[in-house]
Each structure stands twice: as structure tokens, then as C-alpha cells.
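Notes for the one structure printed next.
The values are calculated or read from the model by the stated rules, or taken from the named source; none is laboratory data. Note that the structure is a prediction, hence the values are computed from the model and not measured. Ideal geometry is used to build each Cβ from the backbone, glycine not excepted, and the neighbour counts take in all protein chains shown. For the accessible areas, the whole protein counts, side chains as well, though only heavy atoms, and no ligand, DNA or RNA atoms are used. Shrake-Rupley method; radii C 1.70, N 1.55, O 1.52, S 1.80 Å.
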Amino acid sequence: MRQHSVECAYKPIINNIPMSELFYSFTFRPYVTLFLLAFLAIGWLEQGGLRTGIWLVTGFLIAFAAEWGSINYGIPFGYYAYQYEALAHDLVVFGVPFFDSLSFVFLSYVSFSFAQFFLSLHWRCGFNVQRVTPRNLRNSATVLFVGAFLMMVLDLIIDPVAHLGKHWFLGDIYHYPAPGWHFDITLANYAGWFAVGWVIIFINQRVDAVLAGYQWSREKPLQLRYLPGKGLFAPLFWFGIAAFALGVTAWLGWGYDLEYVAEVERDAFVAETRKLFLAGTFIIAPIAVLAWTHLIRRDSQPSREQLTAWLKEYPSIKLKTHWSV
């Protein structure tokens, strides 16, 4: 049975995008804007402008379609409803907030890049870490699975605190008609995040393979951009997003003014938010330890032959000179 989630009127589609609403979506939610700018910068450094632009468009459209399917048919995230009164100043298209679908772009890419970090060799000289990822690994099924999984893990941290948005600057923008078992978040939601992450990464892996074949046929392979420490950008970005969500959760648990909570609910609110913070920390901590141990392993250093083969796939004059390969 179809459930329509509209609680107040909204404009489903418009001929001309209202610039005030678009501007509001970017300025009132600066964390989305900053994370998006970080994605554009890191994507440009790691895979060039064309692939990053394609990821931006495909990631947004796939996420938009998934959110529209969920608020109308419960697929793939399960049923949930947006509170359009809280989104009165935001750009909303077909019932989906613009900024919300845009978030999937950087969340999917940083998870994809972090997956490569886990599965790649690393050249290290102090804090100058360069990830050595051959194209067959970049576009492999293993990276696809790990990337989708890491995106779902991020949502284990993000969605529970987003569900408490009325207590912080996100706002009370959505709810579940039937709350789930994980701090009111449904398990279907997490399964949907894995599926959407999988689709976004898979499509962009195939795009990269096609572009690489075309570029090699024209003898113009993608030129890597060198920046000291570039191999650390993906894990720092991924943990930065997690730290932001955990920071908001910690503030709600220990620093929030409880005058905004009904007196009979205050003890339960404090207990639940503190448990949410601890649960998120227990999820993130093992991943941080595994990332660190992977980075410092002696056998994670590439050989000269592996560096030479990698630089043939991704030519970089600065790296070749720096490594004297």
C-alpha cells in the first residue's frame, strides 16, 4: 500500500529553481557545504575533474531516486516521512530535500576512497603518505563491497543523531511512522544505505573503466596530482564526518539545555543520547585501530616494481621524480 508522506503543502517541481531556497540549503546547513567542497577537492586530486563531476551528478540522482522511492513506496530505505514545515526555506523537489540527496555524494565517495586505503599499499616517508592503488583494484568487487559497507557504517552514526534534529541545528526534518530497533532507526534504512552506496560506487567504477580505455586509446591517460600526505585524505575525511556526528551526539548528551525537553522525558533523553554516543564510539574505534595498523605495517610498502607499474597506469612527473622510479 502506498503511503504519502506529505504533512504540509510543497512544490513538487518548478521550472526555475528558486535561488533563495537553494542559497538557504547551502548556507543554513554549512556542514553539508563544507563536506561537499572537501569531496570536490579530494576527488579532483584523486581522480581528476571529469570523474569527480560525473560522481557528483550520478550520486545525487541515484540518491534522489532512492529517497523519492522511500517516501512514496518504502524502497529502498523503508517508509519515512519528511516534516515539510521544518523544510519551509529549503529547496525541496518532488518531496525530497535537495541538501539531503546531495549528502550521499560525498558520503559514497569518501567511503569508496577509504575502502581503497584499506586494500592498497602505501608509500610512506613520515607524514607524506601516497596510496598506491592499481586500477584493477580501484574498480574491483572487493572495493565495491567494502566501500558500500563503510558508507552504511557512517549511517549507523549519522541517522540516529539526525533523528534528534529538533534538538540541534538540523531541525526536526523527518520521522519514521514505525520507529525501528536501533535508536528508533529501522534496519531497512541501513540496508538501503548499503544498496545505494553499492549502486553509486558500481556505476562510477564502470565509468572510470570506460574513460580509462578511451584516454589510453588517445594516449592521454589520467595524470595524478601530487600533494604530500594525499594518501591520508580519505581516512581523515571519513573520520571527520564521523567525529562531527559524534560531537553533536556528545553535546546533546552532556551539554544540551534540558529546558527544551519535557521534564518527564529529561532522564530518558540524557540516558539515550549518552548511550548513542558510546555506541557510535564503539563502532568507530575498531575501524580507527585497523586503519592505523594497516598504515604502519611493514609489508604495506610497495616495491619498486609495483611503483613502476602503478605510475604507468597513473603517470605523474612529480611523483616519478620524487621517487626516482
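Computed quantities for the displayed model
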{"item": "Selection count, region 136-149, where residues are closer than 22 Å to Gln306 by Cα, in contact with a helix residue (DSSP H, G or I) (Cβ under 7 Å, 6 or more places away or on another chain), surrounded by fewer than 17 Cβ atoms within 10 Å (Cβ to Cβ) and not β-branched (Val, Ile, Thr)", "result": "1"}
{"item": "Helices (runs of 4 or more DSSP H) lying entirely in region 133-222 (those with 2 or more residues that are within 25 Å of Phe112 (Cα to Cα), within 14 Å of the chain's Cα centre (by Cα) and touching a residue at least 40 places away in the same chain (Cβ under 8 Å))", "result": "141-162, 187-217"}
{"item": "Options Val264, Val270: the member that is of a type in the set (Val, Ile, Thr), over 30 Å from Arg135 (Cα atoms) and open to solvent by 100 Å² or more (accessible area, probe 1.4 Å)", "result": "Val264"}
{"item": "Residues located in region 210-261, provided they are out of contact with any Phe, Trp or Tyr (no Cβ under 8 Å at 6 or more places or on another chain), open to solvent by 50 Å² or more (accessible area, probe 1.4 Å) and more than 29 Å from Leu295 (Cα to Cα)", "result": "Val210, Tyr214, Trp216, Ser217, Arg218, Glu219, Lys220, Trp254, Asp257, Glu259, Tyr260"}
{"item": "Candidate set from region 87-128 (those that are without any contact (Cβ under 8 Å) to a residue 40 or more places away in the chain and part of a strand (DSSP E or B)); member that is surrounded by the fewest Cβ atoms within 10 Å (Cβ to Cβ)", "result": "Cys125"}
{"item": "Single residue of Tyr84, Tyr79, Tyr24, Tyr31 found to be under 15 Å from Val105 (Cα atoms), open to solvent by less than 80 Å² (accessible area, probe 1.4 Å) and either at pLDDT below 95 or in contact with a strand residue (DSSP E or B) (Cβ under 6 Å, 6 or more places away or on another chain) (or both)", "result": "Tyr31"}
{"item": "Residue list for region 150-185, restricted to those being hydrophobic (A, V, I, L, M, F, W, C), surrounded by fewer than 16 Cβ atoms within 10 Å (Cβ to Cβ) and more than 20 Å from Ser70 (Cα to Cα)", "result": "Trp168, Phe169"}
